[in-house]
Amino acid sequence: MAYNLLKGKRGIITGALDENSIAWKVAEKAHEEGATFVLTNAPIAMRMGQINALAEKTGSTIIPADATNVDELTNLFSKSQEVLGGKIDFVLHSIGMSVNIRKNIPYTALNYDYFLKGIDVSALSLHKMLAVAKKLDAINEWGSVVALTYAAAQRTYPFYTDMADIKAMLESIARSFGYHYGVEKKVRINTVSQSPTKTTAGTGIKGFGDFFDYANAIAPLGNASAEDCANFCITLFSDLTRMVTMQNIFHDGGYSSTGVSNAIMEKMGLE
Ligand SMILES: NC(=O)c1ccc[n+]([C@@H]2O[C@H](COP(=O)([O-])OP(=O)(O)OC[C@H]3O[C@@H](n4cnc5c(N)ncnc54)[C@H](O)[C@@H]3O)[C@@H](O)[C@H]2O)c1
């Protein structure tokens, strides 16, 4: 069911790789809610992914940009305003990649070149996007930027290795930039801390399947799906949440507030 929550709004959605991507679902929902938007991804991902099908379905233009490259981001924000016919109202940052995770390198023996790459792609890219947008004055007052994150920023998950530190940085950038952009232009910036979700980035993590089941058994509501996450992002892009900024909001079925569940106790044979 659609509510026209984003009617007349213009957006930029990063990170839709395939139909499992959280960003893919956000694009579908944003379209249903009346928004027009540009889809973007790294040029290399575009060759692998199915983004053309999404663009067709949602009537969107694709503008490739490597999120670590300031010139490409400048082109993205300039061209998006041209294509959409005005300033941007919402931006989804849905970008994550760790070479250390991909190569199964343990946290205590990280490769630092890979670590720096992960920081650049997954955290600094948010700062770069915001800095470019602010310089171009590309986002409307009360515009909303959402970046996706994970609870390993607050508590340790050994298999999440360097992405834990990187997500902590991402959340901090959202707060810090949220202050400055809020004071100057009333632009809102939040992070959404999502449940484990079966996507390319998610399932690339060692032991993801077991952990997915564990989190599902802890959370009173179960794991939040990519579609649920998309719905939540839409509310954050909408005017109904206009005083929410600089927050990290858990979207995890209650997982982060639960110490242990009866379901887990039973699995452990403790009940
Ligand atoms: N899947 C999960 O369990 C989970 C849980 C919490 C948070 N998240 C976060 O959600 C976000 C989206 O991930 P997803 O799970 O939908 O997986 P995904 O693999 O579908 O999306 C990750 C996207 O990042 C893009 N990307 C990588 N390098 C890039 C670059 N240099 N420039 C531009 N784009 C680049 C990829 O092409 C891909 O589209 C990530 O920030 C991820 O950390 C995922």
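If F115 satisfies all but one of (1) in contact with an Asp or Glu (Cβ under 7 Å, 6 or more places away or on another chain); (2) more than 16 Å from the ligand (Cβ to nearest atom); (3) aromatic (F, W, Y), what's the number of the condition it fails?
(2)
Per-residue answers, yes or no, for (1) buried (at least 17 other Cβ atoms within 10 Å of the Cβ); (2) assigned to a helix (DSSP H, G or I); (3) free of Cβ contacts under 8 Å to residues at least 60 places away in the same chain:
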{"residue": "I205", "(1), (2), (3)": "yes, no, no"}
{"residue": "D210", "(1), (2), (3)": "no, yes, yes"}
{"residue": "A215", "(1), (2), (3)": "yes, yes, yes"}
{"residue": "C233", "(1), (2), (3)": "yes, yes, no"}
{"residue": "F250", "(1), (2), (3)": "yes, no, no"}
{"residue": "I264", "(1), (2), (3)": "no, yes, yes"}
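Any chance region 101-111 includes a residue that's touching a helix residue (DSSP H, G or I) at 6+ places or on another chain (Cβ under 8 Å) and surrounded by 24 or more Cβ atoms within 10 Å (Cβ to Cβ)?
Pass one, region 101-111, residues touching a helix residue (DSSP H, G or I) at 6+ places or on another chain (Cβ under 8 Å): 101, 103, 105-107, 110-111.
Restricting the remaining residues to those that are surrounded by 24 or more Cβ atoms within 10 Å (Cβ to Cβ) gives none.
No, region 101-111 contains no residue that is touching a helix residue (DSSP H, G or I) at 6+ places or on another chain (Cβ under 8 Å) and surrounded by 24 or more Cβ atoms within 10 Å (Cβ to Cβ).
Quick check on this structure: which one of L240, L221 is exposed (fewer than 15 other Cβ atoms within 10 Å of the Cβ), in a loop (DSSP other than H, G, I, E, B) and not aromatic (F, W, Y)? Talk me through it step by step, then tell me what you get.
Values: L240 fails: in a loop (DSSP other than H, G, I, E, B).
Exactly one residue qualifies, and that residue is L221.
Spot the failing condition for N231; the list is (1) at pLDDT 95 or above; (2) within 13 Å of the ligand (Cβ to nearest atom), and only one is missed.
(2)
Counting only residues that are in a helix (DSSP H, G or I) and away from the ligand (no atom under 15 Å from the Cβ), how many does region 131-154 have? Steps first, please.
Taking region 131-154 first, the residues in a helix (DSSP H, G or I) are 131-136, 151-153.
Subset that is away from the ligand (no atom under 15 Å from the Cβ): 131, 133-136.
Counting residues in region 131-154 that are in a helix (DSSP H, G or I) and away from the ligand (no atom under 15 Å from the Cβ) gives 5.
Counting only residues that are hydrophobic (A, V, I, L, M, F, W, C) and within 22 Å of I139 (Cβ to Cβ), which one in region 1-11 is farthest from the ligand (Cβ to nearest atom)? If you could, list the steps in order and put the result at the bottom.
Taking region 1-11 and keeping what is hydrophobic (A, V, I, L, M, F, W, C), we get 1-2, 5-6.
When the remaining residues are screened for being within 22 Å of I139 (Cβ to Cβ), the result is 5-6.
Details: L5: 21, L6: 20 Å.
Selected residue: L5.
Given (1) more than 9 Å from the ligand (Cβ to nearest atom); (2) assigned to a helix (DSSP H, G or I); (3) within 30 Å of Q50 (Cβ to Cβ), where does L170 come up short, assuming only one miss?
Here L170 clears every test but (1).
Quick check: anything in region 4-24 of a type in the set (D, E) and touching a Phe, Trp or Tyr at 6+ places or on another chain (Cβ under 9 Å)?
Applying the first criterion (of a type in the set (D, E)) to region 4-24 yields 18-19.
Restricting the remaining residues to those that are touching a Phe, Trp or Tyr at 6+ places or on another chain (Cβ under 9 Å) gives 18.
Checked region 4-24: at least one residue is of a type in the set (D, E) and touching a Phe, Trp or Tyr at 6+ places or on another chain (Cβ under 9 Å).
Within region 173-203, which residues are near the ligand (Cβ under 8 Å from one of its atoms) and assigned to a loop (DSSP other than H, G, I, E, B)?
S195, P196, T197, K198, T199
Give just the number: which of (1) out of contact with any Ser or Thr (no Cβ under 7 Å at 6 or more places or on another chain); (2) of a type outside the set (D, E); (3) closer than 25 Å to D165 by Cα does I139 not satisfy?
It fails just one condition, (3).
Given the structure, is A123 within 15 Å of the ligand (Cβ to nearest atom) and not basic (K, R)?
Details: within 15 Å of the ligand (Cβ to nearest atom): yes; not basic (K, R): yes.
In short, yes.
The values are calculated or read from the model by the stated rules, or taken from the named source; none is laboratory data. Note that the structure is predicted; figures quoted are calculated from it, not measured. Positions of Cβ are backbone-derived with ideal geometry, glycine not excepted, and every protein chain shown enters the neighbour counts.
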